[in-house]
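Reading through the C-alpha cells given below for one structure.
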Amino acid sequence: MRIRDVWQAAGIERCDGEVLTAALLGRDRSWVPAHEDDRIPPESMKRLTDAFSRRAQGEPVAYILGKRDFYGRDFFVDPSVLIPRPATEGLVDLALEMIDGSLTGTILRSVDAGIVACGNYWGGKNEAVSVIDIGTGSGCIAVTIACQRPDVPVIATDVSEDSLRIAKKNAEHHHVSGRIRFIQGSLLEPIAGERHPFVIVSNPPYVPDDFPADRDLSFEPSGALFAGPEGLDVLLPLVREARRHPLCRGFLVECREDQVASLHL
Ligand code: GLN
C-alpha cells in the first residue's frame with residue numbers, strides 16, 4: 001500500500017497524515033509529499049495504520065506521538081497533561097520581560113484570538129525574583145523559563161502527581177532539573193515556606209464548564225481546562241492569594257479576554 005492511500009483510507013487530514021508519517025518513519029515533514037506514493041515499509045505498516053486510526057477517532061497528534069513542540073523545544077506529553085499551546089508561548093515571552101524588569105504595574109497582552117496574558121508586577125525594578133509556575137502540567141512554562149534564564153530559580157507545582165512526573169521528565173530532557181523544584185499541591189499552598197521574593201506565572205484552567213468548544217478537548221484532562229460556570233474558579237483564588245502573600249511581587253496568568261475585568265488588575 002502507498003503512504004497516502006493509508007491516511008486517505010483512515011479519513012484524516014493531509015497535514016496530520018504528513019506529521020504522523022514523518023515522525024513514525026523518522027523523516028522530516030518535507031520528505032513526505034515527495035514520497036507519499038512510496039510503498040510503506042512492511043515493518044512500519046502497523047504503526048502507521050494504528051496512528052492514523054487513533055487520529056481518525058479524534059485523538060490529538062501530540063498524544064499519539066507523545067510529544068509537542070513548545071518555544072522551539074520538544075516536550076513529552078500524555079493524557080495526564082494539557083497539550084502545550086502557542087498562546088502559552090506568548091505568556092512565557094511576557095514572563096521573561098517581567099523577570100527582566102522591563103514591565104511594571106498592570107500587564108496585558110493578547111496572545112491568541114480571545115486569549116490574553118495579564119497580571120501585575122509590584123516588585124522593584126531590579127529585584128531578583130524566583131518564578132513559581134502554578135499548575136505546571138507538562139512543565140512547559142517552568143522548563144522554558146529555566147532554559148531561557150539560567151540564573152532564575154524556578155518552582156513548579158501541580159495538584160497532579162502524574163503531571164509532576166511528566167514535568168520532571170521534561171526538565172531532565174532539557175537539562176534543567178537541577179534548577180527547578182517540583183512540589184505537589186494546590187494554588188500557593190506548596191510554597192507556604194518560601195523565604196525569597198517570587199512572581200507567579202500560571203496557565204490555570206480557565207474554560208467555562210459549559211463552553212461549547214470549537215475543538216475537541218475531550219482527550220485532555222478536564223481538570224486542566226475547565227473551572228466553573230465562568231471559568232474563574234481557579235483564577236480568582238490564585239490572584240487573591242498572590243496579592244495577599246508578603247513575598248509575592250507579581251503575577252502573570254493566561255485567561256480569556258472576557259475574564260480580565262473580574263481580576264481587577
Ligand atoms: N487555551 C486553552 C483552550 O482554549 C485553554 C487552556 C486553559 O484552560 N488553561 O484550549
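The values are calculated or read from the model by the stated rules, or taken from the named source; none is laboratory data. None of the values given here were measured: they were computed from a predicted structure. Here Cβ is always computed from backbone atoms with ideal geometry, including for glycine, and neighbour counts include all displayed protein chains. These area figures cover heavy atoms from the full protein model, side chains too; ligands, DNA and RNA do not enter into them. Shrake-Rupley method; radii C 1.70, N 1.55, O 1.52, S 1.80 Å.
I'd like to check something: does the range 151-165 contain any residue that is assigned to a loop (DSSP other than H, G, I, E, B), open to solvent by 20 Å² or more (accessible area, probe 1.4 Å) and closer than 17 Å to residue 90 by Cα? For the range 151-165, residues assigned to a loop (DSSP other than H, G, I, E, B), open to solvent by 20 Å² or more (accessible area, probe 1.4 Å) and closer than 17 Å to residue 90 by Cα: absent. With the condition kept exactly as written, say whether any residue in the range 209-220 is open to solvent by 10 Å² or more (accessible area, probe 1.4 Å), at pLDDT 95 or above, under 16 Å from the mean Cα position of the chain (by Cα) and farther than 17 Å from residue 88 by Cα. Checked the range 209-220: at least one residue is open to solvent by 10 Å² or more (accessible area, probe 1.4 Å), at pLDDT 95 or above, under 16 Å from the mean Cα position of the chain (by Cα) and farther than 17 Å from residue 88 by Cα. Taking the criterion of being in a loop (DSSP other than H, G, I, E, B) and among the hydrophobic types (A, V, I, L, M, F, W, C), the residues of the range 166-214 that qualify are 176, 187, 188, 192, 211, 213. Counting only residues that are touching a residue at least 60 places away in the same chain (Cβ under 8 Å) and either part of a loop (DSSP other than H, G, I, E, B) or more than 16 Å from the ligand (Cβ to nearest atom) (or both), the range 96-123 holds 10 of them.
Every residue in the range 215-240 that is in a loop (DSSP other than H, G, I, E, B) and among the small types (Gly, Ala, Ser), please.
218, 227, 228, 231
When the residues of the range 64-95 are narrowed to those that are open to solvent by 60 Å² or more (accessible area, probe 1.4 Å) and among the basic types (Lys, Arg), which ends up farthest from the ligand (Cβ to nearest atom)? Per the stated criteria, the residue is 67.
Where the second residue is among the polar types (S, T, N, Q) and the first is more than 10 Å from the ligand (Cβ to nearest atom) and lies in the range 199-224, which pairs have Cβ atoms under 7 Å and are six or more apart or on separate chains? Qualifying pairs under 7 Å: 221/80.
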